[in-house]
Amino acid sequence: MVNYTIVPGGITAVPGFKASGIHAGLKRVKKDLALIYSDVPAVAAGVFTSNIIKAAPLLYDMEQLKAPTSRAIVINSGNANACTGEQGLKDAEAMAVKTAAELGCSTQEVLVSSTGVIGVPMPMEKILAGIPMAAKELSAEGGPLAAEAILTTDTFTKEISIKFDLGGHEVTLGAIAKGSGMIHPNMGTMLGFITTDLAIEKTLLQEALVKTVNKTFNMITVDGDTSTNDMVVVLANGLAG
């Protein structure tokens, strides 16, 4: 059993991570675009819905995760980019390309996530205009804002961050999630994003994530509906040494 201490800050409690959450116009008033960024290259792992119908961002990320390192995740709420055909894949890629350009990293290092209404074309003009705004707002205090920007029908934000000792090194782990409906194994949440400064090999990170999800998210049922957009992604930047 690992002894840990809960600390404030969510995903940006982790050294080397910045985040932001802004209103880009996909929703009438509320925040709807989030950005998570690691100052240094990180290894990434992900698990995705078992639904045979997968939204464009999931199909895109499954390929992106083959890259050795990742730096950023761009997330929009208000539109799921699901059941949108070939254009949906192009839109997911456009989000990654724009994010990479703003952050000065490789397109292959950017993951994409969307949540919201299914079967509606993405309002790309608003999203592409919002990404530079989100990049400009990145900060080490932005975790709670990102947690707010990923919500859809949720009534409150879901975030946590902890510190624990591992082999004489202080390790920090932060997480945000959203989901209140369409929760049914497998996966048992809509979206979840985890950051950590743990130094871990990419293959082992994937194995650990799968084992953990099987004991947690995949055991939750709310309404018997499996979403097209369910995913959990973790970034580990190794700064804990």
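The table that follows gives values for the structure above.
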item	result
In sequence order, calculated HN-Hα J values of segment 193-203 (Karplus, 6.51, -1.76, 1.60; Hz; x Gly/Pro)	10, 10, 10, 7, 9, 4, 8, 8, 6, 4, 5
Radius 13 Å from Cβ of residue 46, net charge of other residues (Lys, Arg +1; Asp, Glu -1)	-1
Given charges at beta-carbon only (K, R positive; D, E negative), |dipole| of the chain in Debye	240
Helix-derived mean residue ellipticity, 222 nm - over the chain, DSSP H n ≥ 4, -39500 (n - 2.57), to 500	-8000 deg cm²/dmol
Probe 1.4 Å, protein heavy atoms only - accessible area per residue of segment 88-137 in square angstrom	45
Carbon/sulfur fraction of accessible area - the chain, other protein chains in place, 1.4 Å, %	60
Cα gyration tensor shape for segment 27-163, rounded if a/c is under 1.5, else prolate or oblate	rounded
Exposure of residue 217 as accessible area (Å², to 10), given a probe of 1.4 Å and all protein chains	60
Cα gyration tensor shape of segment 35-81, rounded if a/c is under 1.5, else prolate or oblate by comparing a/b with b/c	oblate
Residue-span extension gain [residue 89 to residue 169] - 0.36 nm each, minus C-alpha spacing	24.7 nm
Net dipole in debye of segment 94-199 [+1 Lys, Arg Cβ; -1 Asp, Glu Cβ; about Cα centre; nearest 20]	320
Order by protection proxy (mean Cβ within 10 Å, highest first), peptides 190-200, 87-97	190-200, 87-97
Dipole of the chain, positive direction: furthest Cα of 239, 59, 114, with charges on the beta-carbon	114
Extension gain from residue 2 to residue 215, taking 0.36 nm per residue of separation minus the Cα-Cα distance	75.0 nm
Given charges at beta-carbon only (K, R positive; D, E negative), |dipole| of segment 92-156 in Debye	140
Where segment 1-68 is the region considered: accessible area per residue in Å², 1.4 Å probe	47
Candidate residues 153, 69: accessible-area rank, largest first, probe 1.4 Å	153, 69
Cα centroid separation, segment 1-36 to segment 124-164 (Å)	5
Percent of beta bridges antiparallel (DSSP, segment 1-155, rounded to nearest 5)	65
Distance (nanometres) between label positions extended 7 Å along Cα→Cβ at residue 201 and residue 53	4.0
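The values are calculated or read from the model by the stated rules, or taken from the named source; none is laboratory data. Just so it is clear, the structure is predicted and the values come from calculations on it, not from any experiment. For neighbour counting, all protein chains shown are included, and Cβ atoms are generated from backbone atoms with ideal geometry for every residue, glycine included. SASA here: full protein model, heavy atoms, side chains in, ligands and nucleic acids out. Shrake-Rupley method; radii C 1.70, N 1.55, O 1.52, S 1.80 Å.
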